[in-house]
1. Under the Kirkwood approximation applied to all pairs of distinct alpha-carbon atoms, what is the hydrodynamic radius of the range 123-189 in Å?
2. If every alpha-carbon in the range 138-271 counts as one equal scatterer, what log10 I(q)/I(0) does Debye give at q = 0.21 1/Å?
3. Dividing the Cα convex hull volume of the range 1-108 by residue count, how many Å³ per residue is that?
4. Report the Cα-based extents of the range 305-352 along its three principal axes, largest first, to the nearest Å.
5. Just list whichever of Lys157/Lys352; Lys70/Lys290; Lys3/Lys333; Lys32/Lys310; Lys157/Lys318 have alpha carbons separated by over 29 Å in the model shown.
6. Tell me what the chain gives for mean residue ellipticity at 222 nm when only DSSP H runs of n ≥ 4 count, each as -39,500 (n - 2.57), the sum divided by the residue total, rounded to 500 deg cm²/dmol.
7. If I take the Cα coordinates of the range 225-332 and project them onto the principal axes, what are the three extents in Å, biggest first?
8. With all distinct Cα pairs included, what does the Kirkwood hydrodynamic radius of the range 247-293 come out to in Å, to one decimal, could you say?
Amino acid sequence: MPKQHTEICNELIGRLSEKHFLSYDEYLFLIKNRELCRNYIYTKAESQRNEIYGNKVYIRGLIEFTNYCKNNCLYCGIRQGNSNASRYRLSKKEIIDCADYGYKLGFRTFVLQGGEDPFYTDEILCVIVSEIKRRHPDCAVTLSVGERSFESYKILKNAGADRYLLRHETANELHYKKIHPREMNFKNRLNCLEELKSLGYQVGAGFMVGSPYQTEDDLAYELIFLKNLNPHMVGIGPFIPHNDTPFADMPAGTAELTLFVLALIRLTLPNVLLPATTALGTIDPFGREKAVRAGANVVMPNLSPTSVRKKYMLYNNKICTGDEAAQCIECLKKRIESAGCEIVVSSGDYRK
Ligand code: SAH
């Protein structure tokens with residue numbers, strides 16, 4: 001039987017590589033039988049990435065500018081209810097300094113990420129975004145600050161923001177309810193993604209692999225959902241528990257499943273920008289290299305000041321919280337090269 005199943009898997013991967021689409025049942029079959037076709041799918045995903053982007057890996061400088069958050073996502077270490085978190089906010093000047101420093105290191109994209117912190121009004125964020133764009137017109141600015149109003153997204157776009165990362169977290173509404181507090185709303189999150197798209201942002205969606213209560217069926221459905229949404233970027237990483245959250249005792253997602261899903265995403269959305277995430281590098285010391293070998297083409301090293309790094313603790317044992325950004329870049333260059341790719345100085349836009 002396994003022999004037969006291997007043949008079916010290979011046939012499905014062949015078809016996915018050509019048509020970039022499978023049915024829900026077919027995705028599920030691959031996920032359930034992934035042990036039989038893991039190497040084959042990685043090879044296919046890697047060559048798909050090479051076809052569109054070559055062996056270039058884009059870097060994004062991540063500036064984690066606030067760990068205050070008004071939300072209480074059950075999985076997240078910076079949730080409001082975590083009274084053990086030591087909170088910080090970066091000033092306008094500190095954020096702009098991070099970008100200036102990053103520019104010198106070769107970054108051409110800055111990702112401003114934070115908890116949902118009402119302190120950063122549209123006005124404040126606009127000043128920061130437009131100042132970064134003024135100083136570095138050849139750079140892209142990405143925002144990742146959660147759910148805001150259409151008006152707010154519009155104002156920020158007009159101030160110069162190019163891209164927006166908003167992981168949908170799960171495509172299954174019932175699952176969404178299990179990992180979020182009652183006041184958070186699945187439909188609102190999806191609506192935000194639609195609004196961002198309509199405003200002309202390059203949009204990034206995504207989810208955690210192995211988040212509590214997620215099933216293989218949910219993962220199969222993620223591929224169908226992503227195919228329909230057709231985002232420019234998809235950020236996925238394993239769920240990793242954080243001690244001071246309600247999910248402290250839940251098992252972490254695995255690197256092997258995350259890598260398999262990464263490859264499925266690359267073959268389903270051949271042009272997508274696909275990061276090898278820090279979470280993957282946290283559960284597996286070679287997770288990011290393996291991700292590059294499974295079709296990833298983006299890495300997001302940390303540009304936040306080292307003094308605050310440890311405070312942006314979304315999950316336990318997050319890596320790279322002690323190193324200077326310059327050290328991170330050197331380390332990553334070697335890692336990416338060992339995976340047959342090279343880091344480039346580029347804003348790394350989505351290729352149509
Ligand atoms: N407030 C922003 C940024 C959230 S943090 C927003 O709402 O988009 C960025 C991502 O980290 C989240 O979207 C989530 O998918 C991921 N994350 C949070 N807690 C995590 C955990 N315990 N393990 C792995 N990833 C986690």
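1. One decimal place: 13.5 Å for the Kirkwood radius.
2. Ignoring solvent entirely, the Cα scatterers give -1.31.
3. 192
4. Result for the range 305-352: principal-axis Cα extents of 36, 26, 19 Å.
5. Lys70/Lys290; Lys3/Lys333; Lys32/Lys310; Lys157/Lys318
6. Estimated from H runs of four or more residues: -13500 deg cm²/dmol.
7. 40, 35, 24
8. Over the range 247-293, the inverse of the mean reciprocal pair distance is 11.3 Å.
Bear in mind that the values in this text are calculations on the coordinates, not laboratory data. For clarity, every value in this text was computed on a predicted model and none was experimentally measured. No Cβ is skipped: glycine too gets one built from the backbone with ideal geometry, and neighbour counts run over all protein chains shown.
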